[in-house]
Amino acid sequence: MGNLLCLVQVDQSTVAIKETFGKFDDVLEPGCHCVPWIFGSRLAGHLTLRVQQLDVKCETKTKDNVFVNVVASIQYRALSDKASDAYYKLSNTRAQIQAYVFDVIRASVPKLNLDDVFEQKNDIAKTVEEELEKAMSAYGFEIVQTLIVDIEPDVHVKRAMNEINAAARLRVAATEKAEAEKILQIKRAEGEAESKYLSGLGIARQRQAIVDGLRDSVLGFSVNVPGTTAKDVMDMVLVTQYFDTMKEIGAASKSSAVFIPHGPGAVRDVATQIRDGLLQGSAAAS
């Protein structure tokens, strides 16, 4: 019925191209139009004004000789005021856009190292958009936006990059662990040094107390038992301590004591050595 009455309908966000005897005549906006076919008028076709998207996957090589697949997403649309150019000048719009994308990406990416490609993907997208805008505007198309949505290196390169990153993290972890162990060893050494220092003070005080006690014992025994000398008293004290020590060693169930030759004569020799040492120390102090 529409063809009989020469009426055609153009949908929203679409324009129709009208020809008269095969020559471009007019661009029909959305709505109802009269196209008198009996006078040679006809619709050559329709052109959508909606934003369209084209995903382009381009394989190229970086400056450091790594092959990557760069996926670019191109959003474009035809301009209503240049609908005739968009309809007549290009036979395959998507193939033309894809060719321009390939040309720009393969001219930009080889100038960058792989790491720089990831860091400068927005700059690459901007370069592609600018080149496409200059080229496609002459054909009645507008480039709305260009996005670099993915950069895919070779699978072996990705595995190597992951291994490098893992090795770097392990190296940092090992360094931190070594620093922690170093701190523990330093603190342990400081604690041992402090412990030995305090132990030395305790031993020094213990020996000083022993010397003071022995001196008081010798003086008291000499006063209470007339006729005894300091040597006799020291021998008796040393013999008493010797037997006390032997008693303690014998009472221990698990003892690591080392026995040396002993007897009354050996005890006398030990007493003589201790007494001589005390006398030499007293002489040096005076």
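If a residue has to be touching a strand residue (DSSP E or B) at 6+ places or on another chain (Cβ under 8 Å) and part of a loop (DSSP other than H, G, I, E, B) to count, how many in region 32-57 make the cut? So that I can check it myself, show each step before the final result.
Going through region 32-57, the residues touching a strand residue (DSSP E or B) at 6+ places or on another chain (Cβ under 8 Å) turn out to be 32-35, 39-57.
Now drop any that are not part of a loop (DSSP other than H, G, I, E, B), which leaves 35, 40, 49-51.
Total meeting the criteria: 5.
L219 fulfils the conditions (1) within 32 Å of the chain's Cα centre (by Cα); (2) more than 30 Å from Q53 (Cβ to Cβ) except for a single criterion, (1). Candidates Q9, Q53: the one that is open to solvent by 70 Å² or more (accessible area, probe 1.4 Å), over 30 Å from R159 (Cα atoms) and at pLDDT 90 or above is Q53.
The residue of region 131-151 that is farthest from S84 (Cα to Cα), among those that are open to solvent by 20 Å² or more (accessible area, probe 1.4 Å) and assigned to a helix (DSSP H, G or I), is E131.
Within region 179-202, the set of residues being over 35 Å from the mean Cα position of the chain (by Cα), aliphatic (A, V, I, L, M) and open to solvent by 70 Å² or more (accessible area, probe 1.4 Å) comprises just one member, L198.
Residues of region 102-130 being buried (at least 16 other Cβ atoms within 10 Å of the Cβ) and within 16 Å of L54 (Cα to Cα), which ones? Of everything in region 102-130, those that are buried (at least 16 other Cβ atoms within 10 Å of the Cβ) and within 16 Å of L54 (Cα to Cα) turn out to be F102, V104, I105, A125, V128, E129. Hey, does region 58-77 have a residue that's aliphatic (A, V, I, L, M), in a helix (DSSP H, G or I), in contact (Cβ under 8 Å) with a residue 24 or more places away in the chain and out of contact with any Pro (no Cβ under 6 Å at 6 or more places or on another chain)? Looking for residues that are aliphatic (A, V, I, L, M), in a helix (DSSP H, G or I), in contact (Cβ under 8 Å) with a residue 24 or more places away in the chain and out of contact with any Pro (no Cβ under 6 Å at 6 or more places or on another chain), one finds none in region 58-77, hence no. Conditions: (1) in contact with a helix residue (DSSP H, G or I) (Cβ under 9 Å, 6 or more places away or on another chain); (2) loosely packed, with under 14 Cβ neighbours inside 10 Å. V155 meets all but one. Number of the miss? Among (1) in contact with a helix residue (DSSP H, G or I) (Cβ under 9 Å, 6 or more places away or on another chain); (2) loosely packed, with under 14 Cβ neighbours inside 10 Å, V155 violates only (1).
So that you can scan it fast, the table gives a plain yes or no per residue for (1) in contact with a helix residue (DSSP H, G or I) (Cβ under 8 Å, 6 or more places away or on another chain); (2) farther than 11 Å from L147 by Cα:
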{"position": "N69", "(1), (2)": "no, yes"}
{"position": "I74", "(1), (2)": "yes, no"}
{"position": "L79", "(1), (2)": "yes, yes"}
{"position": "S84", "(1), (2)": "no, yes"}
{"position": "R94", "(1), (2)": "no, yes"}
{"position": "L114", "(1), (2)": "yes, yes"}
{"position": "K121", "(1), (2)": "no, no"}
{"position": "A125", "(1), (2)": "no, no"}
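The values are calculated or read from the model by the stated rules, or taken from the named source; none is laboratory data. What you see is a predicted model; the values in this text were computed from it and never measured. Here the Cβ is made from the backbone with ideal geometry for all residues, glycine too, and neighbour counts use every protein chain on show. For the accessible areas, the whole protein counts, side chains as well, though only heavy atoms, and no ligand, DNA or RNA atoms are used. Shrake-Rupley method; radii C 1.70, N 1.55, O 1.52, S 1.80 Å.
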